[in-house]
1. Check whether at least one residue in segment 93-108 is under 19 Å from ALA29 (Cα atoms) and surrounded by fewer than 16 Cβ atoms within 10 Å (Cβ to Cβ), and report yes or no.
2. Exactly one of (1) under 17 Å from the mean Cα position of the chain (by Cα); (2) within 30 Å of GLU177 (Cβ to Cβ); (3) of a type in the set (Val, Ile, Thr) is unmet by VAL113. Its number?
3. Among the residues in segment 129-150, are any within 17 Å of the chain's Cα centre (by Cα) and at negative phi?
4. Quick check on this structure: which one of LEU81, LEU31 is crowded, with 16+ Cβ neighbours inside 10 Å and at pLDDT 95 or above?
5. Pick out, from segment 1-87, the helices (runs of 4 or more DSSP H) lying fully within it that include 1 or more residues that are closer than 27 Å to LEU103 by Cβ and in contact (Cβ under 8 Å) with a residue 24 or more places away in the chain.
6. Specify the residue that is surrounded by the most Cβ atoms within 10 Å (Cβ to Cβ); the eligible residues are those in segment 144-180 that are of a type in the set (D, E, K, R) and part of a loop (DSSP other than H, G, I, E, B).
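The values are calculated or read from the model by the stated rules, or taken from the named source; none is laboratory data. These numbers were taken from a predicted model, which means no experiment stands behind them. Here the Cβ positions follow ideal geometry from the backbone for every residue, glycine too, while neighbour counts run over all protein chains shown.
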Amino acid sequence: MTENQQRSTFVTVLAWIFIVLSGFGTLIAILQNIMIQTIFRSPEVTRAMQAPPPPGTPPLATFMFTYFQLFFLAFLLVSALMLVSSIGLLKRWNWARICFVGLMGLGILWQLVGLGIQYSMLSPMQEQFASATTHGGPNMQPFLIAMTVASVLFAVGLGVLFGWIAKKLLSAPIAAEFRR
């Protein structure tokens, strides 16, 4: 067989999809980090960020606001690693396959963490909306329920997809492509 016949379409298509997605993600993350390092370094913004959070702010929101620069930097690093791993996957480098599987696992974990973050942020909001409803405001409960259901379905869908990709990359026929 020729080398082209031994390469699976799955790996090639997967690599190109993630090269495009992680390439855009890396570009956006670079621009976000440039913006953060230029805009958020002014003395006015620094003073505003040192002010204590408003009462009733969830602790997780306070933590994320305090360290938001690290979150954007982490997104840049993960996006760049995904881009490099995707290129390596296309070239059939085994380290890239293993790294890609690890990133799929990280993606699954992030979906679960994201659901926890959403729950911790929405719980105080539900109380605020319930209070507003008793004072003549609109009932936001159906919207919050719909948003929660959609988020859970999205997280489960992505988790299953990432798990399937990782399982497929770990399968013997695919792994054999990376051992030339």
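1. Yes, there is a match, as at least one residue in segment 93-108 is under 19 Å from ALA29 (Cα atoms) and surrounded by fewer than 16 Cβ atoms within 10 Å (Cβ to Cβ).
2. (2)
3. Yes - at least one qualifying residue is present in segment 129-150.
4. Values: LEU31 fails: crowded, with 16+ Cβ neighbours inside 10 Å.
After applying the criteria, what remains is LEU81.
5. 3-6, 9-39, 59-66
6. Start the filter on segment 144-180 by keeping residues that are of a type in the set (D, E, K, R), which leaves 167-168, 177, 179-180.
Right, trim to part of a loop (DSSP other than H, G, I, E, B) and you get 179-180.
Values: ARG179: 7, ARG180: 9.
Applying the filter and picking the extreme gives ARG180.
Yes/no per residue for (1) among the aliphatic types (A, V, I, L, M); (2) more than 27 Å from ILE34 (Cα to Cα); (3) touching a Lys or Arg at 6+ places or on another chain (Cβ under 6 Å):
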{"site": "PHE71", "(1), (2), (3)": "no, no, no"}
{"site": "GLU127", "(1), (2), (3)": "no, yes, no"}
{"site": "VAL149", "(1), (2), (3)": "yes, yes, no"}
{"site": "ALA155", "(1), (2), (3)": "yes, yes, no"}
{"site": "TRP164", "(1), (2), (3)": "no, yes, no"}
